[in-house]
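Undergrad: Before anything else, here's the structure in question.
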There are 2 protein chains.
Amino acid sequence: IAAAETETIAELVEPLHASDMGDVLEALDKEDRLRLIALLGERFDFSALTEVDETVRDEVMDNLSNAEIARGVSGLDSDDAVYILEDIEGADREEILAQMPAFERLSLKRSLDFPEESAGRRMQTDFIAIPPFWTVGQTIDYLRSEKDLPDEFYQIYVVDPSYTVLGILPLDKLLRSQRTVRVETLMNTNFIQVSAEEDQEEAARDFERYDLVEVPVVDANKRLVGVLTIDDIVDVIQEEASEDIRRMAGVGDEEISDKVTGAVRSRATWLFINMITATLASVVIGFFDATIEQMVALAVLMPIVAAMGGNAGTQTMTITVRALAMRELDSFKLRRLITREIVVGLINGLIFAVLIGIITAVRFANPSLGVVIALAIVVNFLFAGSAGVLIPIAFNKAKIDPAVASSTFVMTITDVVGFFAFLLLAGLWFGLF
Amino acid sequence: IAAAETETIAELVEPLHASDMGDVLEALDKEDRLRLIALLGERFDFSALTEVDETVRDEVMDNLSNAEIARGVSGLDSDDAVYILEDIEGADREEILAQMPAFERLSLKRSLDFPEESAGRRMQTDFIAIPPFWTVGQTIDYLRSEKDLPDEFYQIYVVDPSYTVLGILPLDKLLRSQRTVRVETLMNTNFIQVSAEEDQEEAARDFERYDLVEVPVVDANKRLVGVLTIDDIVDVIQEEASEDIRRMAGVGDEEISDKVTGAVRSRATWLFINMITATLASVVIGFFDATIEQMVALAVLMPIVAAMGGNAGTQTMTITVRALAMRELDSFKLRRLITREIVVGLINGLIFAVLIGIITAVRFANPSLGVVIALAIVVNFLFAGSAGVLIPIAFNKAKIDPAVASSTFVMTITDVVGFFAFLLLAGLWFGLF
């Protein structure tokens, strides 16, 4: 990327969609990235920054002056502008806002006043609102003459003078109707609206459930303040699912563009907790060191009992965590799920108890050892099934995200119960105490 | 649900959205569910069946005659009709189709001919196509006079006589323009179209990437055959994420409404594989039984080495699997990820090696044992980092879903390497062989 090539590069890059431009930025290394943006200058479209990982975005923002950011952000849709500004700290953010046109500044400030991850933060503040007594003809004439319309819109909001939403008019309905029809007779009055304070994930549920494309967002006084569109919600849904997967694996909010230090830090917490629980399991084994000394086969076999239980527990836990995340569980289904999981645990426990019992009896030419490991597996599977379903439910009740916390607890239980049950039963059976 | 109450129930249930009706069906037990549907008779809206779990849907379909299904399905949008019909087997499906109006039959048959989970299966075959020489006025007049339009639509397709898509006209653009403007000057010619054969997940990527609401679906001859809408894609995205989570935990395509037998079966496969790998790890320990006999502390400590490695491996694997699923990895990012994961593994390995080494040295009053476990942990973390990133990539290259297969392999490697490294190093250090 040499300075002389500015024009060529600008021509190459300008027709790109923001997503593609985002990819270009991510693929470049830090210096080239900043040089490209500097080269493009005013021609750089800030919406590309909404399509890159946070790490990349932060880097770019750190290297732009507040005036440049203010200019770039002014050109964006309000939801994209908020997305970029919400990561910028206090004083800088104020300075950037101060350099923007008054109307935009006010609407961005209002969005930024709503809580993080709320519908108010994600909403688009440009929308079309009309009074109920307008006719189809008046509405179309208004759309034809008004120059300052949102870039894209799918429905029109019918409001009273205080901006309370009376109904929603999808564009196709407007187009199918004769010019003389009044919009209040056409509008859909049975509609969903979300509160600006509401969590974006709750709003996403409504979109999924009712197959929506756009919903009105209202403030505490039920006045229309913006609209949420499906493209932002798709990102929320995607992000939420990824978050659940990452949390269950103990990698927090890590992104693949995170630096080594960030990844080390985000994972160390979970590894630290795992160290404590693994030590706990090890202490349990320590109680039985005399038993193991007398019969070393126990040490050879005990990881099988723990591993199988851990696996069964993870299966149950995953089903439960996912069902909780998707709000699939009412109290009736919850009871059914708990029963089912314990029964499934018991049945799979019996199946694998028999299999592993036989393998063990043959391998060590010791039928009693087979019986002992089989019993320990049934016990551990029962605990695994119960813990796998009850622990996520308990966390959910306590308003703790079950995706984060359940895994450690379930694995600790299956490890401890697995080692304890197997070594205790073996000690008793073979009279090793 | 008594027969006398038919009217009351019908009145209660009719205003419900399909999703809510689906919830009602899921909450009822089998007999009540079937009785409710029988009571409603022709008033039962089949779209509720697209909102319930497969198990519930299958049960209901088994209890309805083919004639009833044909009637119910005729009333649906083509994508919902396909969704219900695709789960019905050969002869029954033919019979149902035979009882439907000719035009609908043909379009459903064509959709059903596309591969499972393809864009062709998910598409809506109702759409509005107009020639490029029409004006805005002509188009609006057509929409006002034509009675047989899709229920909802967001854009109009401009096509040539062979139904090749020339451009897309969003409704808002149509509404903003004067009646005399020709649509070919308004239409968006830089658009995305998907092939009907294409996997629905690929199509979902396009929606996410380019913030689309509707895309045209074309056949092998590039002729417009249907449209994919965002509401179906939201379900695809949601389902795909759930699938990844479930696969990583080894619970396959299980749903919470699955019966005990289904759950037992879907999980047993994974547990069986886990049994084999756990046995493999146990065989590795078996090599060292004489070593353990001489120093039982090794048996007490070895699960810590394996558990920590397993955890680190799962973290790396999750990041990699998710990045692959989201198509976030080009070859450049891939190289960067591999390096990063191995470095992160090494650093976290060193951190926890020191911690666990000190704890062990103190606990067993044996500094040498602390050094040995520390060394084993560093080795295992290095293997965990490498396996966690390389195994999913290898599976992905071999066109195997890394979400399904990686977990077992990574855990096997961290278990085997953990036990082997620790017991071997201890044996050598303390001269126990």
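The values are calculated or read from the model by the stated rules, or taken from the named source; none is laboratory data. These numbers come from a predicted model, not from an experiment. Here Cβ is always computed from backbone atoms with ideal geometry, including for glycine, and neighbour counts include all displayed protein chains. The protein model used for the area step is the full one, side chains on, heavy atoms only, and it has no ligands, DNA or RNA in it. Shrake-Rupley method; radii C 1.70, N 1.55, O 1.52, S 1.80 Å.
Undergrad: Round to a whole number: what % of the accessible area of the protein assembly as shown belongs to carbon and sulfur, probe 1.4 Å? Walk me through the numbers on the way to the answer.
TA: On the way: 20540 of 35910 Å².
Reported share for carbon and sulfur atoms: 57 percent.
Undergrad: Relative to the longest principal axis of the C-alpha atoms of chain A, give the angle of the C-alpha long axis of helix A:367-397, reported between 0 and 90° and rounded to the nearest 10°.
TA: 30 degrees
Undergrad: Something else now. Between their Cα atoms, which of B:Lys109/B:Lys147; A:Lys333/A:Lys399; B:Lys173/B:Lys222; A:Lys259/B:Lys397 are more than 28 Å away from each other? Kindly include the intermediate steps, with their values, before the conclusion.
TA: Values: B:Lys109/B:Lys147 24 Å; A:Lys333/A:Lys399 19 Å; B:Lys173/B:Lys222 25 Å; A:Lys259/B:Lys397 26 Å.
The pairs that break the limit, which is 28 Å between Cα atoms, do not exist here.
Undergrad: Just read off the accessible area of B:Phe46 with the full protein assembly in place, 1.4 Å probe, to the nearest 10 Å².
TA: Surface open to solvent at B:Phe46 totals about 10 Å².
Undergrad: What accessible area, summed over both chains, is buried at the A-B interface (1.4 Å probe, Å², nearest 100)? Walk me through the numbers before you get to the answer.
TA: Details: alone 22780 and 22820 Å², together 35910 Å².
For A against B, buried area totals roughly 9700 Å².
Undergrad: Long-range amide H contacts for A:Val218: which residues qualify at under 5 Å (H placed 1.01 Å from N, peptide plane, sequence gap of 5 or more or a different chain)?
TA: Those qualifying (amide H under 5 Å, at least 5 residues apart or on another chain) are A:Val194, A:Ser195, A:Ala196, A:Val225.
Undergrad: Using a 1.4 angstrom probe, figure out how much accessible area the range A:2-67 has per residue, in square angstrom, rounded to the nearest whole.
TA: 49 Å²
Undergrad: Taking K and R as +1 and D and E as -1, what net charge do the other residues with C-beta under 10 Å from the C-beta of B:Val60 add up to?
TA: Working: positive: B:Lys30, B:Arg33, B:Arg57; negative: B:Asp58, B:Glu59, B:Asp62.
Value of the local net charge: 0.
Undergrad: Going 7 Å from Cα along the Cα-Cβ axis for the label, what nanometre distances separate B:Gln294 from the same residue across the other copies?
TA: Distances to the matching label points in the other copies: 2.4 nm.
Undergrad: Based on the mean of other Cβ atoms within 10 Å per residue, sort peptides A:355-362, B:420-427 so the most packed one is first. Provide the component values of the computation, followed by the final result.
TA: Values: A:355-362: 17.8, B:420-427: 22.4.
Result, highest mean first: B:420-427, A:355-362.
Undergrad: Starting with the highest mean, order B:367-379, B:156-168, A:48-60, B:224-236 by the number of other Cβ atoms within 10 Å, averaged over the residues of each peptide. Kindly include the intermediate steps, with their values, before the conclusion.
TA: Numbers: B:367-379: 21.5, B:156-168: 17.3, A:48-60: 18.8, B:224-236: 23.3.
Result, highest mean first: B:224-236, B:367-379, A:48-60, B:156-168.
Undergrad: With the contact rule set at Cα under 8 Å and sequence spacing of 6 or more, what percent relative contact order holds for the range A:129-248?
TA: 22 percent.
Undergrad: Relative to the longest principal Cα axis of chain A, at what angle does helix A:102-113 sit, 0 to 90 degrees, rounded to 10?
TA: Approximately 20 degrees, to the nearest 10.
Undergrad: Using alpha carbons only, how many angstrom separate the centre of the range A:34-57 from the centre of the range B:189-219?
TA: Computed from Cα coordinates, the inter-centre distance equals 26 Å.
Undergrad: Can you give the convex hull volume of the alpha carbon atoms of the range B:260-429 per residue, in Å³? Please list the in-between numbers first.
TA: On the way: hull volume 21.7 nm³, N = 170.
Each residue corresponds to 128 Å³ of Cα convex hull volume.
Undergrad: A drop of at least 40 square angstrom in accessible area, chain alone versus all protein chains together, probe 1.4 Å. Which residues of the range B:282-311 meet that?
TA: B:Ser282, B:Glu293, B:Val296, B:Val300, B:Pro303, B:Ile304, B:Met308, B:Asn311
Undergrad: So how tilted is helix B:230-248 from the main axis of chain B? Cα-based, degrees 0 to 90, rounded to 10.
TA: 20 degrees
Undergrad: Here's a follow-up. So what's the gap between the Cα centers of the range A:74-109 and the range A:315-373, to the nearest angstrom?
TA: Using only Cα atoms to place each centre, the spacing works out to 53 Å.
Undergrad: Another one. Kindly give Rg over Rh for chain A, based on alpha-carbon atoms, with the Kirkwood expression for the hydrodynamic radius. Mind dumping the intermediate values first?
TA: On the way: Rg = 29.7 Å, Rh = 26.3 Å.
My calculation puts Rg/Rh at 1.13.
Undergrad: Over chain B, what is the relative contact order in whole percent, taking alpha-carbon pairs under 8 Å and six or more residues apart? Walk me through the intermediate numbers first.
TA: Working: 565 pairs, mean separation 48.2, N = 433.
Once normalised by length, the contact order is 11 percent.
Undergrad: Would you mind listing the distances between the A:Gln138 label point and the same position in each other copy? Use 7 Å along Cα-to-C-beta, nm, one decimal, shortest first.
TA: 3.2
Undergrad: Defining the label point at 7 Å along Cα→Cβ, can you sort the distances from A:Arg336 to the same site in each other copy, shortest first, in nm?
TA: 4.7
Undergrad: Please report, in whole Å, how far the alpha carbons of the protein assembly as shown spread along each principal axis, starting with the longest.
TA: On the principal axes, the protein assembly as shown reaches 95, 78, 54 Å in Cα extent.
Undergrad: Something else: Can you give the alpha-carbon Rg of the range B:248-357 over 2.2 N^0.38 Å, where N counts its residues? Mind showing how you got there, number by number?
TA: On the way: Rg = 18.9 Å, N = 110, 2.2 N^0.38 = 13.1 Å.
Ratio of Rg to 2.2 N^0.38 Å for the range B:248-357: 1.44.
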